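These notes concern the structure reproduced below.
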Amino acid sequence: MDLSFSPRELAFREEVRDFIRAELPAEVAAKMQAGTELSKADYVAWQRKLNARGWLAPNWPVQYGGTAWSVVEKHIFDEEMALGGAPRQIPFGVSMVAPVIIEFGSEEQKQRYLPRILSSEDWWCQGYSEPEAGSDLASLKTRADRDGDHYVINGQKTWITLAQFANMIFVLARTDQAAKKQEGISFILVDMTTPGVSVRPIVTIDGGKEINEVIFENVRVPVENRVGNEGEGWTYAKFLLEHERNGTAGVAGSFQLLERLRAIARAQRSNGATVLDDERFAERVAAVEIELTALSYAQLRSLAAESAGKRPGPESSFIKITGTEIQQAIATLMMEASAHDALDPAEHSALWYFNMRKTSIYAGSNEIQRNIIAKRILGL
Amino acid sequence: MDFALSTDQTLIRDSVDRFVADNYSQVQRAAIVASADGFSRAHWEKFASLGWLGIAFPEDRGGFGGSPVETMILAEAFGRGLVLEPFVPSVVLGGTALAYGASAQAHHDLLEAMIGGEKLLTFAWAEPGSRYDYGTVETQARSDGSDLLIEGTKLAVPFAAAADTYVVTVRTSGEKHDPSGVSVVLVDRETPGLSRRDYRTVDDRRASTLEFRSVRVPKANVLGELGAGLPLVERIIDAGLGALAAEAVGNASVLLRRTVEYLKTRKQFGVPIGTFQALQHRAVDMLIQVELARSITYYGTNALAGDAAPADRMRALSATKAQVARSARIVGESAIQLHGGIGMSEEYAVGHYFKRLSMIELELGDVDFHLRRYVALGKAGGATAASAAAHAVAHA
């Protein structure tokens with residue numbers, strides 16, 4: 001056991017810092033600082049910079065464009081990206097569908113889709129939830145009926161993040177109506193320009209337009225767009241969800257949010273002192289920061305175990321629960337620090353607080369994560 | 001960075017676990033609690049012969065050249081076993097005082113004797129007016145020729161009845177909160193003028209209140225620098241915080257394991273109570289807290305091991321204690337609640353783990369104290385808290 005960063009790891013940290021300083025466009029940095037929404041062009045511009053450096057998909061096998069970094073190096077990379085104010089990684093392509101394609105897809109699918117993710121030619125979104133299939137995802141009803149060389153997809157997917165930017169969607173659809181719940185589901189890649197696909201925005205309580213409904217009406221998709229075997233989509237879906245959880249914890253991003261919280265608290269004054277000088281408030285911030293520090297080490301431990309040959313297991317559920325609770329705690333403190341200003345939508349903190357409610361709901365609600373831990377770690 | 005235990009480290013952990021399995025059944029432990037010293041001298045000799053007492057000290061001091069990681073591994077295993085022997089008071093607190101404060105051959109000899117198991121140490125710092133602020137020192141040590149004359153009261157000194165030599169914080173100049181004027185001095189148990197009130201603690205350990213009435217010790221007994229002992233005190237406290245955190249992690253992991261076992265076996269309404277979601281989720285919250293406590297303990301141990309600036313080290317250890325204490329509270333209370341009535345029973349081990357864990361929460365500073373220390377140390381200048389002032393002195 002050696003708990004310190006090696007000289008090589010420290011040098012790598014500097015390298016990442018230098019890269020961000022040199023490459024992050026000033027206008028993107030300014031938007032990140034202010035907490036304003038980024039456009040698709042902002043995200044794509046940054047992804048291209050990362051790709052040019054070979055850093056867009058660190059987790060992939062080297063042959064497809066991965067970096068072969070150690071878990072510690074990946075951790076350092078994520079941390080520096082967040083602290084340096086770089087845009088968050090859009091996970092749907094790089095971190096969600098790509099690992100599934102790499103693990104279970106055909107050679108043709110790898111050749112076709114992975115380079116298009118790296119080049120930002122494709123923007124993926126995730127077609128999992130349905131109006132009647134939330135936590136009970138396996139009860140999904142979207143159907144893909146075989147018609148010659150095609151599937152004909154009909155159904156409705158919901159809560160789809162940034163579908164308005166996407167040209168590709170991966171869909172869980174029922175290919176066998178007679179099979180039992182988890183069986184009979186297939187994992188299908190759909191080009192969203194196919195006739196019959198429509199996207200409808202869902203406005204969230206913070207006024208945001210980041211989530212959508214995607215409706216499929218007689219959408220014809222070639223059979224070769226199915227990943228892996230027919231009827232085994234549930235296995236692939238679970239594989240993806242485990243990958244997703246570590247990302248949704250937002251550990252590195254929360255360190256950056258703490259900086260924003262401090263900036264807000266320093267700008268708010270009462271009786272000549274700042275809110276950050278208020279001992280009680282400062283201690284509440286400290287408690288969150290300390291828990292985040294603990295979580296960051298927990299995540300490193302989990303990733304280290306993973307790199308020792310295990311795939312992300314149920315431990316990622318614990319990271320997801322705690323990481324999202326911390327995100328929410330920071331949002332709460334931001335809103336409280338803002339006092340009267342929180343009422344003004346131009347000052348984002350209350351809107352952010354509203355928006356952050358999503359974190360304990362998405363990617364498997366925190367209650368579902370507790371069920372997973374109870375069953376799979378504690379054996380209850 | 002590497003989280004896996006080395007072969008040697010695995011051996012240490014396994015040997016303590018084996019020792020506990022052989023020597024720390026509930027009946028065996030109860031006999032030790034009831035003994036005169038409140039711990040087993042035979043066990044202590046065994047610890048010495050196995051090298052556990054010297055594991056983290058340099059080889060030229062009779063140690064084995066290990067690091068705080070080895071101390072963490074031992075303390076965690078002792079925590080799992082609810083071991084009573086005074087590892088933290090003598091080895092971690094007393095040993096750190098000597099390792100960092102030795103300024104004379106006699107001090108080096110004392111450290112070697114402690115490592116060899118011949119001498120037992122403890123640390124006396126808390127006072128009636130200090131609460132957890134180790135920088136508040138009212139015990140006076142007046143200069144009298146080549147001696148110091150000590151006057152004052154020390155509280156909750158662990159295993160003082162058995163310890164041969166006490167590491168004592170005293171004030172050699174200044175007012176009670178002044179960061180300068182604090183000294184660290186060795187006082188033998190049988191020194192005239194020193195009296196004790198011994199008691200068994202609520203978690204079945206031993207502690208004493210010490211009264212110093214014109215206790216005369218030679219100035220040669222001062223560790224570190226006369227009047228500038230606060231950085232040494234901080235070093236001792238931080239080492240103690242790291243070890244206590246590890247002990248708490250060991251303890252809490254047993255509470256989690258035993259609680260989950262109980263949920264699987266205890267039946268009500270015709271089914272194991274572990275099938276109820278409300279109880280499952282509470283058990284999951286225990287697991288989360290154990291994992292957070294373990295993770296922050298690694299973080300704190302790393303800060304002790306490296307050559308971090310004192311302020312950074314202190315801040316890391318305060319973070320560690322604040323998180324561990326908060327996690328300990330949740331794990332301990334949940335363990336009792338999920339066990340129901342049996343958790344309240346003196347006969348049942350879980351209650352004993354809970355009591356020890358609850359006292360670790362308070363030892364060397366509780367959540368509130370360490371959150372304050374963390375905030376104060378994080379402020380760039382202009383800090384008002386005593387610990388931040390102390391930090392300024394340590395850097396001056």
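The values are calculated or read from the model by the stated rules, or taken from the named source; none is laboratory data. These numbers come from a predicted model, not from an experiment. Positions of Cβ are generated from backbone atoms using ideal geometry, with glycine treated the same way; all protein chains shown enter the neighbour counts.
Side notes on the structure shown:
- Residue that is nearest to B:LEU292 (Cα to Cα), among those in segment A:277-292 that are hydrophobic (A, V, I, L, M, F, W, C) and more than 9 Å from every other protein chain (Cβ to nearest Cβ): A:LEU292
- Selected residue [within 26 Å of B:PHE369 (Cα to Cα) and not in a loop (DSSP other than H, G, I, E, B)] from B:VAL187, B:VAL137, B:VAL168, B:VAL202: B:VAL168
- Residue check, B:ILE273 more than 7 Å from chain A (Cβ to nearest Cβ) and either over 20 Å from A:ASN366 (Cβ atoms) or modelled with pLDDT under 95 (or both): yes
- 2 or more residues away from chain B (no Cβ under 14 Å): qualifying helices (runs of 4 or more DSSP H) within segment A:293-380: A:315-338, A:349-356
- Verdict on B:ILE236 being assigned to a strand (DSSP E or B) and in contact with a strand residue (DSSP E or B) (Cβ under 9 Å, 6 or more places away or on another chain): no
- Lone qualifier among B:THR301, B:THR297 - being under 17 Å from the mean Cα position of the chain (by Cα) and facing chain A (nearest Cβ under 7 Å): B:THR301
- Residue in segment B:15-36 that is within 21 Å of the chain's Cα centre (by Cα), free of Cβ contacts under 8 Å to residues at least 60 places away in the same chain and either closer than 30 Å to A:ARG301 by Cβ or not in a helix (DSSP H, G or I) (or both) present: yes
- Considered as a group, the residues in segment A:176-219 that are assigned to a loop (DSSP other than H, G, I, E, B), touching a residue at least 40 places away in the same chain (Cβ under 8 Å) and of a type in the set (Val, Ile, Thr) include one that is surrounded by the fewest Cβ atoms within 10 Å (Cβ to Cβ), and that residue is A:ILE205.
- Remark: pairs (first residue in segment B:250-270, within 12 Å of chain A (Cβ to nearest Cβ) and under 30 Å from B:LEU74 (Cβ atoms); second residue in a helix (DSSP H, G or I) and of a type in the set (Gly, Ala, Ser); Cβ separation under 7 Å; 6+ apart in sequence or on different chains) = B:THR259/B:ALA283; B:THR259/B:ALA335; B:VAL260/B:ALA283.
- Residue within segment A:233-255 that is part of a helix (DSSP H, G or I), in contact with a strand residue (DSSP E or B) (Cβ under 7 Å, 6 or more places away or on another chain) and without any contact (Cβ under 8 Å) to a residue 60 or more places away in the chain present: no
- Against the test of being surrounded by 13 or more Cβ atoms within 10 Å (Cβ to Cβ) and either away from every other protein chain (no Cβ under 14 Å) or within 19 Å of the chain's Cα centre (by Cα) (or both), the options B:GLU70, B:GLU59 yield a single qualifying residue, B:GLU70.
- Just one residue in the set B:GLU151, B:GLU118, B:GLU127 is over 20 Å from the mean Cα position of the chain (by Cα), in a loop (DSSP other than H, G, I, E, B) and at pLDDT 95 or above; that residue is B:GLU118.
- Test: residue in segment A:90-98 that is within 14 Å of chain B (Cβ to nearest Cβ), surrounded by 17 or more Cβ atoms within 10 Å (Cβ to Cβ) and among the small types (Gly, Ala, Ser): no
- With respect to the conditions (1) surrounded by fewer than 21 Cβ atoms within 10 Å (Cβ to Cβ); (2) out of contact with any Leu (no Cβ under 9 Å at 6 or more places or on another chain), B:PHE276 falls short on a single one, namely (2).
- Among the criteria (1) away from every other protein chain (no Cβ under 14 Å); (2) touching a helix residue (DSSP H, G or I) at 6+ places or on another chain (Cβ under 9 Å); (3) not in a helix (DSSP H, G or I), the one B:LEU5 does not fulfil is (1).
- So B:ALA386, is it touching an Asp or Glu at 6+ places or on another chain (Cβ under 7 Å) and at pLDDT below 85: yes
- Test for B:GLU45: is it assigned to a loop (DSSP other than H, G, I, E, B), more than 20 Å from B:GLY306 (Cβ to Cβ) and either at pLDDT 95 or above or away from every other protein chain (no Cβ under 14 Å) (or both): no
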